[in-house]
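Below is one structure, written out as structure tokens; comments come after it.
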Amino acid sequence: SYIKTSRIFCNYESIGNHSFCLEALSTTEAVVAKDSTQLGILIMKVGAENVKAMLNIYNEMIKKPSSPQLLKALNCCVEAYKYASLSFEMVSSELVDDLQTANYDVTVIDLEITNFEKELLDTKVQAPRLLAGNRFMHYYIAMGCQITPILQLDKPNEY
């Protein structure tokens, strides 16, 4: 059943935040997903939507007066989020026909976000909303990284 499948998926150690995963997979779209591929595509699309929301927050912050160091960090974040947005969308299509590339691309998103997070933290900016948004990105990335081996098991003859 769907509930059993989502619980098994969310309990993988690599997911990290099991309750976030279960909540993300409790949407109507996730419940009606016909298979793991559709579920993976949905996870990546929701991740992309969250990236776009965070990108808007960063762009708004850039418009406000700030130190040159913070402005540099925010611009770095914007570039990383633009890359992440494109990558989440690419991974959605790669889940259908190129799982190895999908897994690589979703892993690279994590590196991009980790790199700019360090730069943001170095500015000592107090921005819990940004840090929470970045944490959610890591959760979607972890879910994306976990769905690819599941799909490889579902389609063993293709890899």
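Only the coordinates and a few stated rules stand behind these numbers; no lab work does. Keep in mind it's a predicted model, so treat the numbers as computed, not measured. Backbone-built Cβ (ideal geometry, glycine too); neighbour counts: all protein chains shown.
Return a whole-number percent for the relative contact order of segment 44-154, with Cα pairs under 8 Å and 6 or more residues apart as the contact set. The normalised contact order for segment 44-154 reaches 33 percent.
Other residues within the sphere of radius under 12 Å centred on the Cβ of GLU112, judged by their own Cβ, net out at -3 (K and R +1, D and E -1). Centroid-to-centroid, using Cα positions, segment 19-41 and segment 82-122 are 19 Å apart.
Of the DSSP H helices in the chain, those that are both long (alpha-carbon extent of 30 Å or more along the helix axis) and hydrophobic (Kyte-Doolittle mean at least -1.0) are 36-63, 68-97, 99-122, 128-154. For ASP97 and LYS118, a Förster radius of 25 Å and the Cβ-Cβ distance give a FRET efficiency of 0.15, rounded to the nearest 0.05. Using all Cα-Cα distances in segment 44-154, what percent lands in each 5 angstrom bin from 0 up to the longest? Result returned by the calculation: 2, 13, 24, 23, 15, 10, 7, 4, 2, 0, 0. For a paramagnetic label modelled on TYR104 (point 7 Å from Cα along Cα→Cβ), amide N atoms under 19 Å away belong, within segment 61-96, to 83-96.
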